[in-house]
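Shown next, in structure tokens, is the structure this report addresses.
The values are calculated or read from the model by the stated rules, or taken from the named source; none is laboratory data. Please read these numbers as outputs of a predicted model, since none were measured by experiment. Don't worry about glycine lacking a Cβ; one is built from the backbone with ideal geometry, like all the others, and counts go over all protein chains shown. Keep in mind that these areas ignore ligands, DNA and RNA; they rest on the heavy atoms of the full protein, side chains included. Shrake-Rupley method; radii C 1.70, N 1.55, O 1.52, S 1.80 Å.
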Amino acid sequence: MTPAYALDAVAQRAVLAEFGIDPIAVRLEAEAENLTYKAVDARGDAFGLRVHRPGYRTKAEIASERDFVNDLSQSVGVVPRPVPCKSGEWTCAIPNLSQQIVICTVSRWIPG
């Protein structure tokens, strides 16, 4: 069963475009506190699109986590590096299947 805060294919592509990504494939990989989609572009680069469950974390909390993970990726290098959206922010908001506004983030995909 698809969660109410899921994104349809059109919304997935729209939010990925905000992060400068033109995917050739997107699929749901995980459903936990958030939804995680794996997106692959024409070069074969893979990204994790995370749709944050509405009401679970604030935009400020999510941005703070992105700052922390970005700093960690620069010093450790073994964590999924966050991708900023075109505005330079770590987050992007978009309507989901239920027309709720959800916060989305993108990271480089690390196979695990």
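Candidates are the residues of the stretch 1-38 that are part of a loop (DSSP other than H, G, I, E, B) and open to solvent by 30 Å² or more (accessible area, probe 1.4 Å); the one that is farthest from CYS85 (Cα to Cα) is MET1. Candidates in the stretch 93-110 are the residues that are among the aliphatic types (A, V, I, L, M) and in contact with a Pro (Cβ under 9 Å, 6 or more places away or on another chain); of these, the one that is modelled with the highest pLDDT is VAL106. Evaluation of ASN70 against the conditions (1) modelled with pLDDT under 95; (2) within 21 Å of THR2 (Cβ to Cβ) shows that the sole unmet condition is (2).
Pairs are defined by a Cβ separation below 8 Å, a sequence spacing of at least 6 or placement on different chains, a first member in the stretch 10-34 that is more than 19 Å from TRP90 (Cβ to Cβ), and a second member that is at pLDDT below 95 and assigned to a loop (DSSP other than H, G, I, E, B); the pairs so defined are LEU28/ALA6; GLU31/PRO3.
Let's see how each residue does on (1) basic (Lys, Arg); (2) closer than 13 Å to CYS104 by Cα:
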| site | (1), (2) |
| --- | --- |
| GLN12 | no, yes |
| PRO23 | no, no |
| ARG43 | yes, no |
| ALA46 | no, no |
| PRO54 | no, yes |
